[in-house]
Amino acid sequence: MREGIRVKVGELKSQIGILKDLEVSIGEIIEEKWEEALGPTPFPSIADLRSWDLKILERYKPFYMPFCDLCCLCTMGKCDLTGDKRGACGIDMAGQQSRIVLLACCIGAATHTSHARHLLEHLISKYGSGYPLDVGGLSVEVEAPITRLVCGIRPETLGDLEGVLDYVEEQIVHLLSATHTGQEGSYKDFESKIFHAGMLDHLAMEVADIAQISALGLPKAEPNPPLVEIGLGIIDHAKPVILVIGHNVPPAADIMDYMEELGLQDAIELCGICCTAHDLARYNPKAKIIGPISWQLRFIRSGVPDVIVIDEQCIRSDVLIEAMKIKAPLIATSEKDCQGLPDRTRDPPDEIVKGLVEGDTPGVLILDPGKVGEVAVKAALKVAPKRMKFKAIPDVEELIEGAKKCRRCDDCRRSCPNDLDIPSAMARAAGGDLEGLARLLDHCIGCGRCERACPAELPIHSFMIKAAEKEIKEERYKIRAGRGAVQDVEIRNVGSPIVLGEIPGVIAFVGCANYPRGGVEVAEMADEFAMRRYIVTATGCAAMSMAMYKDKEGKTIYEKYPGSFDAGGVSNIGSCISNAHIAGAAIKIASIFAKRRLRANYEEIADYILNRVGAVGVAWGAMSQKAASIASGFWRLGIPVIVGPHGSKYRRMLLGRKEDEESWKVYDARTGEKVYVGPAPEHLFYAAETKEEAMVSIAKLCMRPNDTPKGRAIKLTHYIDLHRRLYGVMPDDVYLYVRTKADIPITIKDEVLQLLEEKGWRETVVPDPTLLPRLIRVQKG
Amino acid sequence: MRQFEPWQIAEIPGPKKALIIPKPGVAAALLKRSGRPLMVVGGEAVEEPTADKPVLEHLIRISTAGGIPMAATMGAARGLIERGVRLAGYMSAMEIAERLRDGSWKGFDGAGPYDLAVFVGLPYYIEWLILSGLKHFAKGLITISLDRFYQPHANWSLPNTPRDEWVETLKALAEALEGG
């Protein structure tokens, strides 16, 4: 247990000087007024949950796919680790790969933690450390399920969250140090540390989101928050336009406040890309969302933004170069992404604006969100008439002439993550047919690698944008603003049907926009499962991509389905830090519905979720290190994650082996017997090759040992139905998921029974499943 | 582009790179030498534009003549099932790869581990990664890529080849195996 003191002094006079508002905090204060008994692992250190991790890893074994044969992290190297070779330090390839995954997860967790820290510091400076937390009024009693679970504290104010971040920061330092040469060498222990990094990441995300929900008044667990506009076609080009990119909302919020203060909210367009856009729309639904991370180049080059404001995370590193192409000044607002710009934080706003308008500098760094608000608005008003929406997109004639210079060398295609057949499209364009280039944009992730590879220096991505100009202008959709947490009452309503299997699953579409075949696949998957009355949730870029398609009636998925956390609901939870609420919902099912003790009781809750809560994460376009750490937080909680084909580049899968009966045995908590429960869930982390494969796998991975016969029959119905529709045949592993004949869907009973007979199927029991011997109620002997 | 450069420019592997299969006869000899081969077919083998070429037909001939059971990834399963191809089994690409890594896996038919795996038709980068995983962790397994782009993590790979030449190579390989 961590204990400590916190001292706050209003004013202290000494020989050195006068100190005001001094606050000293040492360690953590474990709250004594919380009646719930403290569980076994408050503020767990790296090794405290290791035994749980190793249990999971016994079943879900890592399969490593190295990017290269070498380690190049120290000066004894490079070391060739091919096959059985070890490096100069003694590390082998499995150790090295797991070490790299840990590094990625530390980067991801550190990024969310740094975001949370800056955000919290800002909010405390603005609202005070005693500002109360409120994420859902009376609808949300468990305000911070992850914090309660991991730390064993019940935060009540913004100030209470500082100690949580102190813990997270300390642990990340320890984890990062484990990747140093001559430290950890075991792949299993690296994997355990990866899980730890993920758990810390979830804590940091929770801190960040509950702080901003409370202090900035974002929707508080609102099932039906307002619909906001999304798409490239929603911007009024006649107005000055301010574009915000990244993920840390205070500068954008202050721009909005300043606009409203001056009554300019209808005179200026404020829009965003990536998660800042989500959070800005949660802050004020008048803000507009352009689209996901991959929309950066296409929107900037369109020349529509007059001022570009960046905060942190997922911003293109060449954003300044792109901004300069369209003569739009750039305002950097985070010390984590200064872009080499002069720091004007302490200068008067009007002087800064003057420099930007006159083009003295392509941009400035301002580390004061309030000042950013004033400068961005004033600059946009003055820059817009001068720029006249100057764009970096060629006209049709230039495009065709450019296409004629294409040498068909294939370097663009060989540089394209999606192997798009650019040379063929260029050949068509050279003949005046732009349709090929337009269609490429549907599957383009907007990275721009094709342009850098082109020996003729053709602006290939801009060619695609021009070719698809008409469709781009028609991009007008609706997305529900991020709702934040799931209400306790919603959990009470769905807890039983989820745990019993009658709601077939909770699907979370999360992550970035590195899609193999465009964002439409995410929308199609989400629609399919909402129609089947799964609970569908979404965050981040995936939540945006889902919005950017309409059905035959012209409705987006958010207009078609309710936003409640219920069967057949589609909830936009919010930005990527809002992923904490998805993990939180799973935790709250164990806590609120099943009355399991939550406080510092991680292992038991994770065991409950793994065995009972049919939840699956789908990160179809996962790209970043943050996505890796988010996923690893879900793994430790027992929630499987499916990634798209590009997710294979995370270099490591966690795969179960369905035919290995021994690995699918659990304890029956009623009797202490070890019983076979089938491969449910079969994997913890895996990359699917196609959308169809992912859909079948989602249905399969929702099965859990605790499903009642009725629930299992419902889940099997969806699995079999999807498999038949997408593959044309009955899945060949159905027999592994039938425990008793009551599990068999009634409509296909004869067919399944015949299959069971062919496979020599034997009936098993439906236990009270657990992997933890200490939860066995009747000890044998 | 040279014949033995990775198709995707940045996919630089390391010191151990695939040997080029210089002519179909070499691939035929490798396949004949194997006591227990498996062919893993991915989704691109059944998608346009590959599907409109006789690629699949040649792969089936190679499988039949060489006595090489064909397994489909989930990306290829429907296309192959619909064409009536007799499959040893089908699974996700990752599941097949993980099992091939394990020397104690008894194979789709339960008869024992495979000693050679032929890959064709997976997205380039997935096949690249899977072959890397097998290069490092599958002891005793020989891997061959029959795709039209060089796969450096295989033991043996066809070189980068224009599409028509590639189809001819597969045809010649089928004929070499059929000729005994």
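Average partner chain C-beta neighbours within 10 Å, per residue of A:77-88? It would help to have the intermediate numbers written out before the result.
Values: counts 0, 2, 0, 3, 3, 7, 6, 3, 3, 0, 0, 0.
Mean partner shielding for this stretch: 2.
How many percent of DSSP beta bridges within the protein assembly as shown run antiparallel, rounded to 5?
Values: 27 of 84 bridges.
Of those bridges, close to 30 percent are antiparallel.
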Next item on the list: Over all alpha-carbon pairs of the stretch A:211-251, lay out the pair-distance distribution in 5 Å bins, whole %, shortest bin first.
Entry: 5, 14, 16, 21, 23, 15, 6, 0
Item checked: Size of charge dipole - chain A - debye, nearest 20, with Cβ of Lys, Arg +1 and Asp, Glu -1, no other charges -> 980
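Looking at the stretch A:293-336, what % of the alpha carbon pairs are farther apart than 18 Å?
Working: 163 of 946 pairs.
Here the tail beyond 18 Å accounts for 17 percent of pairs.
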Margin query: Can you give me the C-alpha center-to-center distance between the stretch A:303-339 and the stretch A:139-153, rounded to a whole angstrom?
Written below: 37
Next item on the list: Hey, can you grab everything whose amide H is under 5 Å from the amide H of residue A:363? Only 5+ residues off in sequence or another chain; H modelled, so Pro and N-termini drop out.
Entry: A:330
Next item on the list: Could you line up B:56, B:122, B:19 from fewest to most neighbouring Cβ atoms inside 10 Å?
Entry: B:19, B:56, B:122
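With contacts defined as alpha carbon pairs under 8 Å and 6 or more residues apart, what's the relative contact order of the stretch A:28-187 in percent?
Once normalised by length, the contact order is 30 percent.
Give a quick list of GluC sites (Glu not before Pro) in the stretch A:403-486 that DSSP marks as loop, anything other than H, G, I, E or B, with at most 13 other Cβ atoms within 10 Å. Let's see the in-between values first.
Values: sites: A:435, A:451, A:457, A:469, A:471, A:474, A:475; in loops: A:457, A:474, A:475.
Of the GluC sites (Glu not before Pro), the ones in loops of the stretch A:403-486 whose Cβ has at most 13 other Cβ atoms within 10 Å are A:457, A:474.
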Next item on the list: Report, in debye and to the nearest 20, how large the dipole of the stretch A:33-160 comes out about its Cα centre when Lys and Arg carry +1 and Asp and Glu carry -1 on their Cβ.
Entry: 420
Notebook entry, point to check: Can you work out ³J(HN,Hα) from phi for every residue in the stretch A:295-310, in order, using Karplus 6.51 cos²θ - 1.76 cosθ + 1.60 and θ = phi - 60°, giving whole Hz and x for Gly and Pro?
Noted result: 8, 4, 5, 5, 7, 4, 5, 5, x, 6, x, 9, 9, 10, 10, 10
Check: How crowded by other chains is A:648-655, given as the mean number of beta carbons from other chains within 10 Å of each beta carbon?
Finding: 4
Check: Short version: ³J(HN,Hα) in whole Hz for each residue of the stretch A:107-121, in order, from phi by Karplus 6.51 cos²θ - 1.76 cosθ + 1.60 (θ = phi - 60°), x for Gly and Pro, what are they?
Finding: 4, x, 5, 5, 5, 5, 5, 5, 4, 4, 5, 4, 5, 5, 4
Next item on the list: Taking the Cβ of each residue in A:51, B:132 as the centre, tally the other Cβ atoms inside 10 Å and list the residues starting with the fewest.
Entry: A:51, B:132
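Let me have the relative contact order for the stretch B:19-178, percent, based on Cα pairs under 8 Å that are six or more residues apart.
Once divided by the residue count of the stretch B:19-178, the mean separation gives 30 percent.
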Note to self: For the stretch A:396-458, report the % of Cα-Cα distances exceeding 20 Å.
What the structure shows: 16
Next item on the list: Just name one of B:90, B:25, B:146: the one whose Cα is farthest towards the positive end of the charge dipole of chain B (beta-carbon charges, Lys/Arg +1, Asp/Glu -1).
Entry: B:25
Check: Binning every alpha carbon pair distance of the stretch B:1-125 at 5 Å from zero, what are the percents per bin?
Finding: 2, 10, 19, 20, 22, 17, 8, 2, 0
Next item on the list: Would you grab the residues whose amide H sits under 5 Å from the one on residue A:485? Only those 5+ places off in sequence or on another chain, please, with H modelled 1.01 Å from N.
Entry: A:221
Next item on the list: List every residue whose amide H lies under 5 Å from the amide H of residue A:508, counting only residues 5 or more places away in sequence or on a different chain, with H placed 1.01 Å from N in the peptide plane.
Entry: A:537, A:616, A:617, A:618
Note to self: Given the options A:653, A:515, A:114, identify the residue whose Cα lies farthest towards the positive end of the charge dipole of the protein assembly as shown (+1 on Cβ of Lys, Arg; -1 on Cβ of Asp, Glu).
What the structure shows: A:653
Check: Each residue of the stretch A:725-742 in turn: what ³J(HN,Hα) in whole Hz from Karplus with 6.51, -1.76, 1.60 and θ = phi - 60°, glycine and Pro shown as x?
Finding: 5, 8, 10, x, 9, 5, x, 7, 10, 4, 4, 6, 9, 9, 9, 9, 5, 5
Margin query: Along each principal axis of its Cα atoms, how long is the stretch A:42-216 end to end? Whole angstroms, biggest number first, please.
Written below: 58, 34, 22
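In terms of the Cα gyration tensor, with a ≥ b ≥ c the square roots of its eigenvalues, is the stretch A:645-781 rounded because a/c is under 1.5, prolate because a/b exceeds b/c, or oblate?
Because a/c hits 1.5 or more and a/b fails to exceed b/c, the stretch A:645-781 counts as oblate.
Kindly put A:607, A:166 in sequence by how many other C-beta atoms sit within 10 Å of each C-beta, fewest to most. If you can, show how the numbers build up before the last one.
Numbers: A:607 26, A:166 17.
So the residues, fewest neighbours to most, are A:166, A:607.
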Check: Build a GNM of chain B with springs between Cα atoms under 10 Å: which of B:113, B:54, B:162 gets the top mean-square fluctuation?
Finding: B:162
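For peptide B:76-87, what's the mean number of Cβ atoms from other chains within 10 Å of each residue's Cβ? Could the numbers behind the result be given before it?
On the way: counts 2, 10, 7, 2, 0, 3, 3, 0, 0, 0, 0, 0.
The shielding value for this peptide is 2.
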Next item on the list: Using Cα centres only, tell me the gap between the stretch A:247-281 and the stretch A:415-450 in whole Å.
Entry: 34
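What relative contact order, as a whole-number percentage, does chain A give when Cα pairs under 8 Å and 6 or more residues apart are counted?
Working: 1736 pairs, mean separation 111.0, N = 781.
Relative contact order for chain A comes out at 14 percent.
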Check: Per residue and in cubic angstrom, what volume does the convex hull of the Cα atoms of the protein assembly as shown have?
Finding: 180
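Every number in this text was worked out from the coordinates using simple rules, so none of it is lab data. None of the values given here were measured: they were computed from a predicted structure. Counting neighbours? That spans all protein chains shown, and the Cβs are built from the backbone with ideal geometry, glycine included.
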